[in-house]
1. Could you check the range 88-98 and list, in sequence order, the residues that are buried (at least 21 other Cβ atoms within 10 Å of the Cβ) and either modelled with pLDDT under 95 or touching a Leu at 6+ places or on another chain (Cβ under 9 Å) (or both)?
2. Given the conditions (1) among the small types (G, A, S); (2) farther than 28 Å from V117 by Cβ; (3) out of contact with any helix residue (DSSP H, G or I) (no Cβ under 9 Å at 6 or more places or on another chain), and given that G244 satisfies all but one, which numbered condition is not satisfied?
3. Looking only at the range 35-72, count every residue that is in contact (Cβ under 8 Å) with a residue 24 or more places away in the chain and over 19 Å from A5 (Cα atoms) and tell me the total.
4. So, in the range 159-188, how many residues would count as being part of a helix (DSSP H, G or I), free of Cβ contacts under 8 Å to residues at least 40 places away in the same chain and touching an Asp or Glu at 6+ places or on another chain (Cβ under 9 Å)?
5. Which residue is farthest from the chain's Cα centre (by Cα), if the candidates are limited to the range 21-38 and must be closer than 11 Å to L58 by Cβ and surrounded by 24 or more Cβ atoms within 10 Å (Cβ to Cβ)?
6. Quick check on G156: is it surrounded by 14 or more Cβ atoms within 10 Å (Cβ to Cβ), touching a helix residue (DSSP H, G or I) at 6+ places or on another chain (Cβ under 7 Å) and either more than 27 Å from D94 (Cα to Cα) or of a type outside the set (F, W, Y) (or both)?
7. Tell me, which strands (runs of 3 or more DSSP E) lie completely within the range 1-80 with 3 or more residues that are among the acidic types (D, E) and outside the structural domain of H104 (by the TED database)?
8. Filter the range 189-212 for residues that are surrounded by fewer than 14 Cβ atoms within 10 Å (Cβ to Cβ), in a loop (DSSP other than H, G, I, E, B) and not hydroxyl-bearing (S, T, Y) and give the result.
Amino acid sequence: MSKQAIIQAIKTYETIIIHRHVRPDPDAYGSQAGLKEMIAASFPDKNVYIVGESEPSLDFLADMDDIDDDTYNNALVIVCDTANATRISDQRFDYGSQLIKIDHHPNVDAFGDLLWVDTSASSTSEMIYDLYVAGKGEGFTFNDEAARLLYAGIVGDTGRFLFPSTTKKTFQHSSELVAYNFDRTSLYDGIYQTKDNIARLQGYILQHFELAESGLSSVRLSKALLDEYGVSSKETGQLVGVLGNIEGIKAWVLFIEENELIRVRLRSKGPVINEIAAKYNGGGHPMASGATVSTWQETENVVKDLDEACRQYNA
């Protein structure tokens with residue numbers, strides 16, 4: 001997909017509405033709100049909105065807009081950082097005149113009239129900066145707030161530049177972003193500062209995780225346990241990386257009970273896991289994915305599949 005076609009679409013429409021995925025992370029917020037800031041700075045006369053459910057832990061990044069259905073009339077809709085249409089936050093994304101998908105996840109669900117999918121990018125925020133670079137000759141400009149948001153998205157999706165998805169281009173873009181005027185210390189605090197109850201639940205996980213001979217680790221967090229620690233299912237996203245530095249672990253999974261379903265958060269240091277996630281109503285990256293099952297018995301099937309993937313990887 002040519003970035004030029006997206007640039008021309010942005011220049012053409014007077015109203016632009018930007019979506020992202022449910023259960024947002026810093027890259028979802030950063031790419032969505034960063035794109036809005038870039039467009040608004042470049043074309044002040046355009047009406048640009050960001051929509052989706054609010055995530056309290058990320059409200060320090062941006063506030064979502066509240067718009068009615070009529071706003072979508074003759075509007076361009078852009079969906080950032082979302083692999084599957086069913087995971088788009090605010091399902092009015094198809095109310096507009098044209099739909100664009102910008103994403104760095106594997107293109108399993110090729111929704112949209114225009115698609116720009118780059119699985120080599122560390123984050124969708126990195127792609128939005130690519131779009132700015134490509135559009136500078138077409139009137140695109142940048143500002144401090146756009147830089148803050150895109151930098152937050154890159155930092156979040158690269159794990160502070162520690163994940164294998166971090167490339168030379170990631171560092172080059174980041175070095176340009178930090179030249180803008182924003183407070184990196186407060187940004188890191190906003191992303192990584194941990195409440196005491198979440199820290200205590202981290203301690204529980206470190207005391208109770210299971211490590212199989214294959215290198216698979218699994219943790220089960222029941223609703224009763226979450227209630228005991230006062231942690232919501234949404235907040236467990238801050239816990240998914242806690243096992244990543246433990247020696248001997250090749251892949252790990254957190255099962256989080258949530259009302260009538262069980263959320264499955266998968267991570268890997270080598271074995272491909274997104275194909276397994278796809279078997280269980282999910283998907284994602286080869287090394288970071290999510291899924292959903294209905295019963296604790298089904299979680300045993302997920303564990304068996306992950307265990308086999310780890311064994312095959314070790315063979």
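The values are calculated or read from the model by the stated rules, or taken from the named source; none is laboratory data. Because the structure is predicted, anything quoted here is derived from the model rather than measured. A quick note on method: Cβ atoms are made from the backbone with ideal geometry, for glycine too, and the neighbour counts reach across all protein chains shown.
1. Hits for the range 88-98 are F93, G96.
2. (2)
3. Number of matching residues: 19.
4. The number of residues fulfilling the criteria is 1.
5. The qualifying residue farthest from the chain's Cα centre (by Cα) is A33.
6. It is true that G156 is surrounded by 14 or more Cβ atoms within 10 Å (Cβ to Cβ), touching a helix residue (DSSP H, G or I) at 6+ places or on another chain (Cβ under 7 Å) and either more than 27 Å from D94 (Cα to Cα) or of a type outside the set (F, W, Y) (or both).
7. none
8. Once the filter is applied, which keeps residues that are surrounded by fewer than 14 Cβ atoms within 10 Å (Cβ to Cβ), in a loop (DSSP other than H, G, I, E, B) and not hydroxyl-bearing (S, T, Y), the range 189-212 yields Q193, K195.
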